[in-house]
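Below is one structure; the comments refer to it alone.
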Amino acid sequence: MGMLMKRILLLILGWSFMALGVAGLFLPVLQGILFLLIGLAILSTEYHWARRWITRLYRKYPEAHRRMHQLLGKYARFIPHTDSTPSGE
């Protein structure tokens, strides 16, 4: 039951960040792009479409990819493991 609850909480968290990101695109007080990227990173653990978007961003911005891996390393015990390194797709 613990894994199911963790999965549900991560989905809620990911979609919440996506909603904040969309709102942030229109509201000057929120950083929309940042929240969208965080939401995509969280949702990429569950959804293939989010993983594809993240992979495209990694290829386009390799320095951001390196920094995100450093950040995710700090929180690895909270986020399910997925291979987020772009493959030769």
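Suppose every Lys and Arg Cβ carries +1 and every Asp and Glu Cβ carries -1, with no other charges. What dipole size does the range 2-74 come out with about its Cα centre, to the nearest 20 debye? Walk me through the numbers on the way to the answer.
Working: 10 positive and 2 negative charges, 61 e Å.
It comes to approximately 300 debye.
I'd like the Kirkwood hydrodynamic radius of the range 2-74, using the inverse of the mean 1/r over distinct C-alpha pairs, in Å.
One over the average 1/r among Cα pairs gives 12.8 Å for the range 2-74.
Given the options L37, Y61, V22, identify the residue whose Cα lies farthest towards the positive end of the charge dipole of the range 2-74 (+1 on Cβ of Lys, Arg; -1 on Cβ of Asp, Glu).
Value: Y61.
Any read-out appearing in this document is the output of simple, stated calculations on the displayed coordinates, not a laboratory observation. These figures come from a predicted structure and were not determined experimentally. No Cβ is skipped: glycine too gets one built from the backbone with ideal geometry, and neighbour counts run over all protein chains shown.
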